[in-house]
Amino acid sequence: MRRTEVSKQLGGFVREHRTDGGRRLRHAAVVIVVGTVGLAFGIPVTIASIGTTDGAPQLAGLLLGVGLVGWGLGIWRLTQAFRTREQCFDIHERGLAHRVAGTVTLIPWADIAEVGARNGGNDQLLAETRGMGFSCAIKLNDGRDIRFDTFTEDARKLAQVVHGAVHLGRFPQGRGRR
């Protein structure tokens, strides 16, 4: 669906917020590599530490833990990357268009039931790098959820605009004729 067709239904275009799928894939690759290294060292150390009570079992547990957590996070990020490939949020005067892999979902402000945003933690820089510094869930009236995080450009601003339109009645102003 072209942006001009969307504008006819949702009003003038305001701005777009693209999700950086490449960064999400790079993050997944790095975490999987770290997990692989953890498992590559953890498995031999575990085998070598069978029957001992020195520090080897603790080291083996640490390495295996790093490996399993790395693989788990990596697979989760890969799943996210493929589920949200080419994701973009287009803000319009009367709603937003959610684009994912060539499909467009038009969401008027009235169809949004709740907007829930949260910050990731105390170490904001590290959380931002991992893509966990900020996340937002938009709950629709039909029960579906649309989520985005710091992999989406200017995610906080997107959450503020959606919250303002849905809960405060502050609708964004588009460009062009009215």
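The values are calculated or read from the model by the stated rules, or taken from the named source; none is laboratory data. Note that the structure is predicted; figures quoted are calculated from it, not measured. Cβ coordinates were reconstructed from backbone atoms using ideal geometry, including for glycine residues, and neighbour counts include every protein chain displayed. Heads up: the accessible areas ignore ligands, DNA and RNA and are worked out on the full protein's heavy atoms, side chains in. Shrake-Rupley method; radii C 1.70, N 1.55, O 1.52, S 1.80 Å.
A few points about this structure:
- Strands (runs of 3 or more DSSP E) wholly inside the stretch 1-115 containing at least 2 residues that are free of Cβ contacts under 8 Å to residues at least 60 places away in the same chain and closer than 30 Å to F171 by Cα: 95-100, 103-108
- Qualifying residue in the stretch 126-135 (condition: surrounded by 18 or more Cβ atoms within 10 Å (Cβ to Cβ), modelled with pLDDT of 90 or more and under 18 Å from H98 (Cβ atoms)): no
- Residue count for the stretch 84-113 satisfying the condition of being open to solvent by 40 Å² or more (accessible area, probe 1.4 Å) and in contact with a Pro (Cβ under 8 Å, 6 or more places away or on another chain): 1.
- Number of positions in the stretch 46-71 that are open to solvent by 40 Å² or more (accessible area, probe 1.4 Å) and either within 23 Å of the chain's Cα centre (by Cα) or under 26 Å from G22 (Cβ atoms) (or both): 4
- For the stretch 94-110, the criterion of being among the hydroxyl-bearing types (S, T, Y), within 18 Å of C136 (Cα to Cα) and under 16 Å from the mean Cα position of the chain (by Cα) is met by no residue.
- Residue check, I43 modelled with pLDDT of 90 or more and under 27 Å from the mean Cα position of the chain (by Cα): no
- Cβ-Cβ contacts under 9 Å between residues 6 or more apart (or on different chains), taken from a first residue in the stretch 136-157 that is open to solvent by 50 Å² or more (accessible area, probe 1.4 Å) to a second residue that is in a loop (DSSP other than H, G, I, E, B), are listed as R147/T84; E153/D20; R156/T150.
- Total residues in the stretch 1-34, condition buried (at least 18 other Cβ atoms within 10 Å of the Cβ) and in contact with a Leu (Cβ under 7 Å, 6 or more places away or on another chain): 5
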